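Asks: First, the structure itself, so that you have it in front of you.
Every number in this text was worked out from the coordinates using simple rules, so none of it is lab data. Remember, it's a predicted structure, so these values are computed and weren't measured experimentally. With ideal geometry, Cβ positions are generated from the backbone for all residues, glycine too; neighbour counts draw on all protein chains shown.
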Amino acid sequence: RTVGKTVWCDAPEGGTLVCDGLGLVALPGTGLLLGVFEGRTSQTLGVQSKVARAGFRFVTATNADLGAWASSGPFRKTLLSRLGEPIRIPPLRERAHEIPGLLQALLPDVIQETRPVQLSEAAIEVYRAHSWPTNVRGLRDALRRLCLDARGEVATADDARASLVERGTMSSPPRAVS
C-alpha cells in the first residue's frame, strides 16, 4: 500500500516479501518498491510511527519481459539489476505432463469448496491435452467449475470439456479424446 511517498508493507525479519504481477507496477511504484528493496526497511501496516529494518527475501512474479520494459522505459533498470537472475517457469501449456499431478494436488481444496467429485482418467486426459492459455489459477478455476457442474460423482471427459468451454478457455468446439 502506498501513502504519499512511503511504501507500507510488512516484511518481518527473516521473512519473504512477495510481489505478484511486478510488470503491472507503474514506474513511480517501482521507485517506491526499489526503496524498500534497497533499504531493507518496512513499515508495518497500520503503524505509522514504526519503520523497521528487516532482512527479508524479495520474490517477484510476472509474465512481462522486464528486461525489454527496462530498455524501453516503463520499468526501472536499477530495480531490474537488483532483482537477480530470473527463474523462468514455463506456462502451463508447455507443461502438459504436470497436469495430472496438479489436478490431484488441487482437487482436495476444490472439493472442500464445492462437492466431492472424482476425476476419471478420461477427464484428466482432456485437461492434459488442452492447450492452456492461462496458468495454474486457470486450471484451478476450470477444476472448480468441473466439480460444480459434473453430472455424477465421477467427472467424465464430457464434463471436463464442458468446464473448459464454460470458463472460456477453449476457442473452438471440444474434440473427442479417446
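Asks: For residue 97, put the label point 7 Å out on the Cα→Cβ axis and report which residues of region 135-149 keep their amide N under 19 Å from it.
Replies: 136
Asks: What's the magnitude of the charge dipole for region 91-166 around its Cα centre, counting Lys and Arg as +1 and Asp and Glu as -1 at the beta-carbon? Answer in Debye, nearest 20.
Replies: Computed charge dipole of region 91-166: roughly 180 debye.
Asks: Right, something else. Report, by chain and number, residues whose modeled amide H sits under 5 Å from the one on residue 58, excluding near sequence neighbours (fewer than 5 apart, same chain).
Replies: For residue 58, the qualifying residues are 17.
Asks: Apply 1/(1 + (r/R0)^6) to the Cβ-Cβ distance of residue 149 and residue 104, taking R0 = 35 Å, and write down the FRET efficiency to the nearest 0.05.
Replies: After rounding to 0.05, the efficiency reads 0.95.
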